[in-house]
Structure formats: structure tokens, C-alpha cells
Amino acid sequence: MVSEKNLHYKVLECGDEKNKVIVIDNFHPDAETIFKKAQTSPHFTAQAEDFYPGKRKPVEQQYVLYLIKTLEQLLKKTYNIEKNKMLSVGLCAYSLTTNTERQLRPIQCIPHIDTHDKYQFAAVHYLSYRAFGGTSFYKHRSSGLESIDSQHLKNYFAQLKVEIMKDTPTTYIHSDTFLFQKLMEVEFLFNRVVVYPSNMLHSGNIYPNNSLSSDPRKGRLTVNAFLNFSDLN
């Protein structure tokens with residue numbers, strides 16, 4: 001198991017809710033190899049049911065195991081996860097942003113949550129050498145919410161649906177809007193990982209003039225993973 005003492009990390013508190021965001025630099029000891037594997041077959045593909053504005057392909061199982069070994073104890077400590085919970089990885093995929101703004105659906109033009117489950121966390125591993133946009137976190141202005149739990153889920157999305165119909169330009173979001181206030185940004189840096197609760201309102205910072213490419217050598221390449229804690233059997 002990788003000791004947290006060997007990780008170059010910091011824990012940031014975001015917004016009024018003081019949700020914790022972990023930023024780890026020099027995350028993987030062989031990030032260059034992972035970057036090169038993204039350039040080999042199979043090819044990246046788009047999934048119709050995926051709200052990600054681009055293409056993905058699976059990451060090798062060895063990387064998944066590294067995530068678990070490296071992050072399990074750090075996440076338990078940071079987020080006060082019960083000792084009887086075990087970490088598993090759901091989605092784990094190389095991701096490339098490729099969609100133009102014309103291709104975006106309204107839901108892709110605003111901050112989002114991945115789930116309201118308090119035991120799921122998202123990890124984004126930046127793997128490009130170019131300085132693309134990182135990841136930002138937001139507050140929904142009219143409700144004041146910065147994360148969405150099961151108690152607020154139904155009312156939040158009902159309210160949001162009305163607001164989107166009134167005022168949502170078809171653009172990528174990376175700053176304040178009429179509906180959302182930007183709280184914090186984690187900048188893009190090669191081999192940096194950002195980890196955060198999946199119910200935080202967040203968005204990748206996508207700049208269409210330089211971020212859209214199907215070539216993993218040139219585009220905004222990340223590994224995106226969902227980290228789930230569940231009871232031991």
C-alpha cells in the first residue's frame with residue numbers, strides 16, 4: 001500500500017459548505033507510460049448515454065489497482081469514511097474533450113454532479129503536458145447549494161430545469177454565470193490528480209479554441225474515475 005506520507009498532496013476547503021478537495025501532485029510514478037498507452041489501441045469512442053463532452057476508452061486494470069492502493073486510506077481519513085467501508089472503482093477511463101459548443105446539450109453547459117451518494121468520489125488525473133483548463137467548483141445562486149444530497153435532489157433539479165429553459169447559452173462553462181458562482185479552480189498540471197465528493201457542483205474548464213482534439217498527444221487528456229465506498233461483505 002502506498003503511504004500518504006509519500007504523496008505530495010494538500011486538502012482544500014471549498015465555499016461556504018467547506019467541502020474538501022484533495023489535490024495530489026506527481027501522483028503516478030510512471031505517468032509518462034500511462035500517457036503513451038492512451039495513444040495505443042483501442043481507439044477512443046463516444047457513448048450516446050455518456051454526458052461527457054467527448055470520447056473515452058478503458059484504462060488498464062493495473063491503473064485501477066493503483067488508484068485503490070494509493071487513495072483508499074487517504075480518502076477515509078479526509079472524509080471520515082467508516083473503517084468497515086471498502087473502496088472500489090466504477091468508471092475508470094481515458095477521456096478526451098472533443099465536442100464543439102454546437103454539439104453540447106443544455107445539461108453540458110452548466111456545473112453538474114455525478115451522483116448524490118455521499119460515499120462516491122471523483123478523481124481526475126491530468127495527463128497532458130499543455131496547460132489546459134482544470135476543474136472548477138460552483139454554487140447554485142438561487143438555492144445557495146454547493147453540493148446536492150438526497151434531501152435536496154428533487155427540488156434542486158426541478159428548479160434547475162426551469163432556470164435552464166430561461167437562461168442557458170450553449171457554451172462551455174469556466175467562470176461565473178447568471179445561475180452559478182464559481183468558487184474555486186484546480187489548475188491543470190501534468191500528473192496532478194484532483195479528488196472530490198461526486199455530489200459537489202463541478203465542471204471541467206473546457207476552452208474550445210485549444211482543448212478539442214481526438215488526438216491524445218494534443219488534446220485535453222485525463223483519466224476520470226469514480227471511487228465508491230461500500231460495506232464489506
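The values are calculated or read from the model by the stated rules, or taken from the named source; none is laboratory data. Worth saying up front: this structure is predicted, and the values here are computed from it rather than measured. FYI the Cβ positions are ideal-geometry reconstructions off the backbone, even for glycines, and counts take in every protein chain you see. Ligands, DNA and RNA are excluded from the accessible area calculation, which covers all protein heavy atoms including side chains. Shrake-Rupley method; radii C 1.70, N 1.55, O 1.52, S 1.80 Å.
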Provide Rg and Dmax in Å for the chain, with only Cα atoms included in the calculation. 17.2, 50
Pop a pseudo-label 7 angstrom from the Cα along the beta-carbon direction at both Asp30 and Gln151 and give the gap in nm to one decimal. 4.7
Over the chain, what is the mean sequence separation of C-alpha contacts under 8 Å (at least six apart), divided by residue count, expressed as relative contact order in percent? 33
Square roots of 5 times each gyration tensor eigenvalue, C-alpha, region 94-163, largest first, Å: 25, 17, 11
From the C-alpha gyration tensor of region 1-113, square roots of 5λ in Å: 28, 21, 14
Quote to one decimal, in nm, the extra length available between Glu13 and Thr171 on full extension: 0.36 nm per residue of separation minus the C-alpha distance between them. 54.1 nm
Of all GluC sites (Glu not before Pro) in region 143-200, which ones are in loop regions per DSSP and have a Cβ with at most 15 other Cβ atoms within 10 Å? Glu187
Express the carbon and sulfur contribution to the solvent-accessible surface of the chain as a percent, rounded to the nearest whole number, probe 1.4 angstrom. 51
Pairs to check: Lys10/Lys76; Lys18/Lys118; Lys20/Lys154. Give those whose C-alpha atoms are more than 19 Å from each other in this structure. Lys20/Lys154
Which trypsin sites (Lys or Arg not before Pro) from region 1-89 combine a DSSP loop assignment with at most 14 other Cβ atoms within 10 Å? Lys18, Lys83
For labels at Met86 and Ile68 in the simple 7 Å Cα→Cβ model, what's the distance in nm? 0.8
For region 59-73, just list the computed ³J(HN,Hα) in residue order, Karplus coefficients 6.51, -1.76 and 1.60, θ = phi - 60°, integers in Hz, with x standing in for Gly and Pro. 9, 4, 4, 4, 5, 4, 5, 5, 4, 5, 5, 7, 9, 4, 5
HN-Hα J in Hz across region 10-19 - Karplus 6.51, -1.76, 1.60, θ = phi - 60°, x for Gly and Pro: 9, 10, 9, 9, 10, x, 5, 6, 6, 5
Determine, at each q value in 0.10, 0.12, 0.15 (inverse angstroms), the log₁₀ of I(q)/I(0) that the Debye formula gives when each Cα of region 62-188 is one equal point scatterer. -0.42, -0.60, -0.92
